[in-house]
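Peer 1: Sharing a structure with you now.
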Amino acid sequence: MDILLERKSVRNYTDEDVKLEDLEYILRAAMSAPTARNTKCYSFLVIKDKETHKKIGAVHKAAQMILQAPLAILVVGDQNKAYEKYLPQDCAAATQNILLAATAKGYGSVWCGIYSNEERAEAIEKLFNLPENIKAFSLVVIGRPNDNRPPKNAWEPEKIKYEVWK
Ligand SMILES: Cc1cc2nc3c(=O)[nH]c(=O)nc-3n(C[C@H](O)[C@H](O)[C@H](O)COP(=O)(O)O)c2cc1C
(Lines give C-alpha, C1' and ligand atoms only; values in the text may rest on other atoms or scores of the structure.)
Protein backbone atom coordinates (compact mmCIF):
# COMPACT_ATOMS: atom_id res chain seq x y z
CA MET A 1 0.00 0.00 0.00
CA ASP A 2 1.32 3.44 -0.86
CA ILE A 3 0.54 5.23 2.38
CA LEU A 4 1.13 8.69 0.97
CA LEU A 5 -1.65 8.24 -1.57
CA GLU A 6 -3.90 6.07 0.60
CA ARG A 7 -4.13 8.42 3.62
CA LYS A 8 -7.59 9.85 4.17
CA SER A 9 -9.55 11.23 7.09
CA VAL A 10 -11.35 8.41 8.90
CA ARG A 11 -14.06 9.32 11.39
CA ASN A 12 -15.61 5.91 12.14
CA TYR A 13 -13.76 3.26 14.11
CA THR A 14 -14.18 -0.28 15.39
CA ASP A 15 -13.78 -1.10 19.11
CA GLU A 16 -10.24 -2.35 18.59
CA ASP A 17 -7.52 -0.66 20.64
CA VAL A 18 -4.36 0.85 19.20
CA LYS A 19 -1.56 -1.62 19.97
CA LEU A 20 1.19 -0.30 22.22
CA GLU A 21 3.92 -1.10 19.68
CA ASP A 22 1.94 0.68 16.96
CA LEU A 23 1.47 3.70 19.22
CA GLU A 24 5.22 3.81 19.78
CA TYR A 25 5.82 3.61 16.02
CA ILE A 26 3.36 6.46 15.47
CA LEU A 27 5.06 8.61 18.13
CA ARG A 28 8.52 7.80 16.74
CA ALA A 29 7.28 8.97 13.36
CA ALA A 30 5.93 12.16 14.95
CA MET A 31 9.30 12.86 16.53
CA SER A 32 11.04 12.23 13.20
CA ALA A 33 9.36 15.28 11.69
CA PRO A 34 11.62 18.19 10.83
CA THR A 35 11.57 21.32 12.98
CA ALA A 36 12.98 24.76 12.27
CA ARG A 37 16.52 24.92 13.72
CA ASN A 38 15.84 21.42 15.07
CA THR A 39 14.19 22.82 18.19
CA LYS A 40 11.83 19.83 18.49
CA CYS A 41 9.39 22.13 20.23
CA TYR A 42 6.56 19.59 20.09
CA SER A 43 5.20 17.19 22.71
CA PHE A 44 2.45 14.60 22.48
CA LEU A 45 -0.29 13.91 24.99
CA VAL A 46 -1.77 10.43 24.49
CA ILE A 47 -5.39 10.34 25.61
CA LYS A 48 -7.26 7.06 26.06
CA ASP A 49 -9.55 7.98 28.94
CA LYS A 50 -13.18 8.01 27.80
CA GLU A 51 -14.19 10.71 30.28
CA THR A 52 -11.47 12.97 28.87
CA HIS A 53 -12.67 12.14 25.35
CA LYS A 54 -16.12 13.37 26.37
CA LYS A 55 -14.67 16.57 27.78
CA ILE A 56 -12.78 17.19 24.53
CA GLY A 57 -15.95 16.52 22.52
CA ALA A 58 -17.76 19.12 24.63
CA VAL A 59 -15.34 21.89 23.63
CA HIS A 60 -14.31 20.77 20.12
CA LYS A 61 -17.49 20.43 18.10
CA ALA A 62 -15.65 19.21 15.00
CA ALA A 63 -14.02 16.34 16.92
CA GLN A 64 -17.11 14.31 17.83
CA MET A 65 -15.52 11.19 16.32
CA ILE A 66 -13.39 11.07 19.49
CA LEU A 67 -16.41 9.71 21.36
CA GLN A 68 -16.08 6.37 19.58
CA ALA A 69 -12.30 6.25 19.16
CA PRO A 70 -9.89 4.29 21.34
CA LEU A 71 -7.21 6.95 21.34
CA ALA A 72 -6.32 10.52 20.50
CA ILE A 73 -3.02 12.37 20.46
CA LEU A 74 -2.93 16.05 21.38
CA VAL A 75 -0.01 17.69 19.60
CA VAL A 76 1.31 20.70 21.51
CA GLY A 77 4.18 23.08 20.94
CA ASP A 78 6.41 24.89 23.42
CA GLN A 79 6.55 28.56 22.57
CA ASN A 80 9.71 28.96 24.64
CA LYS A 81 11.52 26.35 22.56
CA ALA A 82 10.25 27.10 19.05
CA TYR A 83 12.48 29.05 16.67
CA GLU A 84 10.94 32.44 15.81
CA LYS A 85 7.30 31.85 14.77
CA TYR A 86 7.79 28.31 13.47
CA LEU A 87 5.79 26.50 16.16
CA PRO A 88 2.79 25.82 13.89
CA GLN A 89 4.91 24.53 11.03
CA ASP A 90 6.86 22.22 13.37
CA CYS A 91 3.67 20.87 14.92
CA ALA A 92 2.00 20.50 11.51
CA ALA A 93 4.88 18.37 10.24
CA ALA A 94 4.60 16.16 13.34
CA THR A 95 0.83 15.93 12.92
CA GLN A 96 1.16 14.82 9.30
CA ASN A 97 3.73 12.18 10.29
CA ILE A 98 1.25 10.83 12.85
CA LEU A 99 -1.44 10.51 10.16
CA LEU A 100 0.95 8.74 7.78
CA ALA A 101 2.34 6.40 10.44
CA ALA A 102 -1.19 5.52 11.56
CA THR A 103 -2.10 4.76 7.92
CA ALA A 104 1.02 2.59 7.57
CA LYS A 105 -0.09 0.50 10.55
CA GLY A 106 -3.63 0.07 9.21
CA TYR A 107 -5.34 2.67 11.41
CA GLY A 108 -7.72 5.40 10.40
CA SER A 109 -7.09 8.87 11.70
CA VAL A 110 -8.20 12.44 11.39
CA TRP A 111 -6.48 15.76 12.06
CA CYS A 112 -8.71 17.99 14.17
CA GLY A 113 -7.57 21.58 14.05
CA ILE A 114 -7.03 23.61 17.22
CA TYR A 115 -4.26 26.17 16.87
CA SER A 116 -5.88 28.71 14.57
CA ASN A 117 -9.17 28.69 16.45
CA GLU A 118 -8.48 30.80 19.55
CA GLU A 119 -11.62 29.83 21.41
CA ARG A 120 -10.98 26.12 20.83
CA ALA A 121 -7.30 26.41 21.72
CA GLU A 122 -8.11 28.22 24.96
CA ALA A 123 -10.70 25.61 25.93
CA ILE A 124 -8.33 22.69 25.27
CA GLU A 125 -5.42 24.40 27.03
CA LYS A 126 -7.66 25.01 30.03
CA LEU A 127 -8.98 21.45 30.00
CA PHE A 128 -5.44 20.05 30.21
CA ASN A 129 -4.18 22.81 32.47
CA LEU A 130 -1.33 23.52 30.06
CA PRO A 131 1.28 26.06 31.15
CA GLU A 132 1.20 29.42 29.37
CA ASN A 133 4.06 28.53 27.00
CA ILE A 134 2.53 25.22 25.85
CA LYS A 135 0.19 25.76 22.90
CA ALA A 136 -2.38 23.19 21.78
CA PHE A 137 -1.87 22.63 18.06
CA SER A 138 -3.92 19.68 16.85
CA LEU A 139 -5.77 16.63 18.00
CA VAL A 140 -5.31 13.43 16.01
CA VAL A 141 -8.03 10.86 16.59
CA ILE A 142 -6.98 7.29 15.79
CA GLY A 143 -8.70 3.89 15.58
CA ARG A 144 -9.16 0.86 13.34
CA PRO A 145 -11.25 2.11 10.42
CA ASN A 146 -14.88 1.17 10.21
CA ASP A 147 -15.05 2.79 6.81
CA ASN A 148 -13.67 1.45 3.54
CA ARG A 149 -14.33 4.43 1.31
CA PRO A 150 -11.40 5.15 -0.98
CA PRO A 151 -9.40 8.35 -0.48
CA LYS A 152 -10.53 11.42 -2.38
CA ASN A 153 -8.93 11.95 -5.76
CA ALA A 154 -6.22 14.45 -4.87
CA TRP A 155 -4.48 14.72 -8.25
CA GLU A 156 -5.01 18.19 -9.74
CA PRO A 157 -2.36 18.79 -12.38
CA GLU A 158 -3.56 22.37 -12.89
CA LYS A 159 -2.12 23.16 -9.46
CA ILE A 160 1.37 22.63 -10.83
CA LYS A 161 3.24 25.42 -12.57
CA TYR A 162 6.65 25.19 -14.13
CA GLU A 163 9.29 27.86 -13.82
CA VAL A 164 6.92 30.85 -13.99
CA TRP A 165 3.48 31.73 -12.61
CA LYS A 166 0.99 31.88 -15.46
C1 LIG B 1 -5.57 22.09 9.70
C2 LIG B 1 -6.64 21.04 9.58
C3 LIG B 1 -7.70 21.07 10.45
C4 LIG B 1 -8.71 20.09 10.36
N5 LIG B 1 -9.69 20.07 11.30
C6 LIG B 1 -10.64 19.10 11.24
C7 LIG B 1 -11.61 18.99 12.28
O8 LIG B 1 -11.61 19.77 13.23
N9 LIG B 1 -12.53 18.00 12.19
C10 LIG B 1 -12.53 17.09 11.16
O11 LIG B 1 -13.40 16.21 11.15
N12 LIG B 1 -11.60 17.15 10.17
C13 LIG B 1 -10.65 18.12 10.20
N14 LIG B 1 -9.66 18.16 9.25
C15 LIG B 1 -9.65 17.13 8.18
C16 LIG B 1 -10.08 17.72 6.84
O17 LIG B 1 -11.46 17.96 6.85
C18 LIG B 1 -9.69 16.71 5.73
O19 LIG B 1 -8.31 16.51 5.74
C20 LIG B 1 -10.14 17.20 4.35
O21 LIG B 1 -11.54 17.24 4.25
C22 LIG B 1 -9.60 16.31 3.23
O23 LIG B 1 -10.04 14.99 3.40
P24 LIG B 1 -8.99 13.79 3.51
O25 LIG B 1 -8.18 14.02 4.76
O26 LIG B 1 -9.83 12.56 3.61
O27 LIG B 1 -8.13 13.82 2.30
C28 LIG B 1 -8.65 19.11 9.33
C29 LIG B 1 -7.56 19.11 8.46
C30 LIG B 1 -6.55 20.03 8.60
C31 LIG B 1 -5.35 19.97 7.68
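The values are calculated or read from the model by the stated rules, or taken from the named source; none is laboratory data. Predicted model, so just to flag it, every value in this text is computed and none were measured. Heads up, the Cβs are rebuilt from the backbone with ideal geometry, glycines too, and the neighbour counts pull from every protein chain shown. Side chains are part of the model used for accessible areas, which takes the heavy atoms of the whole protein and leaves out ligands, DNA and RNA. Shrake-Rupley method; radii C 1.70, N 1.55, O 1.52, S 1.80 Å.
Peer 1: Residue check, residue 95 against (1) over 15 Å from residue 44 (Cα atoms); (2) within 16 Å of the ligand (Cβ to nearest atom), all met but one. Which one?
Peer 2: For residue 95, the exception is condition (1).
Peer 1: In addition: Go through (1) within 19 Å of the chain's Cα centre (by Cα); (2) more than 12 Å from the ligand (Cβ to nearest atom) for residue 151 and report which single condition fails.
Peer 2: Of (1) within 19 Å of the chain's Cα centre (by Cα); (2) more than 12 Å from the ligand (Cβ to nearest atom), only one is false for residue 151: (2).
Peer 1: Another one. So which residues in the stretch 130-154 are open to solvent by 50 Å² or more (accessible area, probe 1.4 Å), within 22 Å of residue 92 (Cα to Cα) and either part of a strand (DSSP E or B) or modelled with pLDDT of 95 or more (or both)?
Peer 2: 131, 132, listed by residue number.
Peer 1: In the stretch 103-120, which residue that is within 12 Å of the ligand (Cβ to nearest atom) and in a helix (DSSP H, G or I) is surrounded by the fewest Cβ atoms within 10 Å (Cβ to Cβ)?
Peer 2: Selected residue: 120.
Peer 1: Looking only at the stretch 66-88, count every residue that is within 19 Å of residue 120 (Cβ to Cβ) and not in a strand (DSSP E or B) and tell me the total.
Peer 2: 6
Peer 1: Could I ask something else about it? Report the residue count in the stretch 83-98 for those that are of a type in the set (Asp, Glu) and open to solvent by less than 20 Å² (accessible area, probe 1.4 Å).
Peer 2: Residues in the stretch 83-98 being of a type in the set (Asp, Glu) and open to solvent by less than 20 Å² (accessible area, probe 1.4 Å): 1 in total.
Peer 1: Go through the stretch 77-114 and give me each residue that's under 29 Å from residue 2 (Cβ atoms) and touching a Cys at 6+ places or on another chain (Cβ under 7 Å).
Peer 2: Passing the criteria: only 90.
Peer 1: Of all residues in the stretch 75-105, how many are aromatic (Phe, Trp, Tyr) and under 16 Å from residue 116 (Cα atoms)?
Peer 2: Final tally of qualifying residues: 1.
Peer 1: If you take the residues in the stretch 40-55 that are of a type in the set (Val, Ile, Thr) and touching a strand residue (DSSP E or B) at 6+ places or on another chain (Cβ under 7 Å), which one is surrounded by the fewest Cβ atoms within 10 Å (Cβ to Cβ)?
Peer 2: It comes out as 46.
Peer 1: Scan the stretch 69-82 and tell me whether some residue there is under 15 Å from residue 135 (Cα atoms), crowded, with 22+ Cβ neighbours inside 10 Å and without any contact (Cβ under 8 Å) to a residue 60 or more places away in the chain.
Peer 2: yes
Peer 1: Six or more apart or on different chains, Cβ under 7 Å: which pairs go from a residue in the stretch 110-138 that's under 21 Å from residue 51 (Cα atoms) and without any contact (Cβ under 8 Å) to a residue 60 or more places away in the chain to one that's polar (S, T, N, Q) and within 13 Å of the ligand (Cβ to nearest atom)? Could you list them?
Peer 2: 112/138; 113/138; 114/138
Peer 1: To continue, here is another question. Give the stretch 1-37 a look and list any residue that's within 16 Å of the ligand (Cβ to nearest atom), in a loop (DSSP other than H, G, I, E, B) and open to solvent by 90 Å² or more (accessible area, probe 1.4 Å), or say none.
Peer 2: 1, 11
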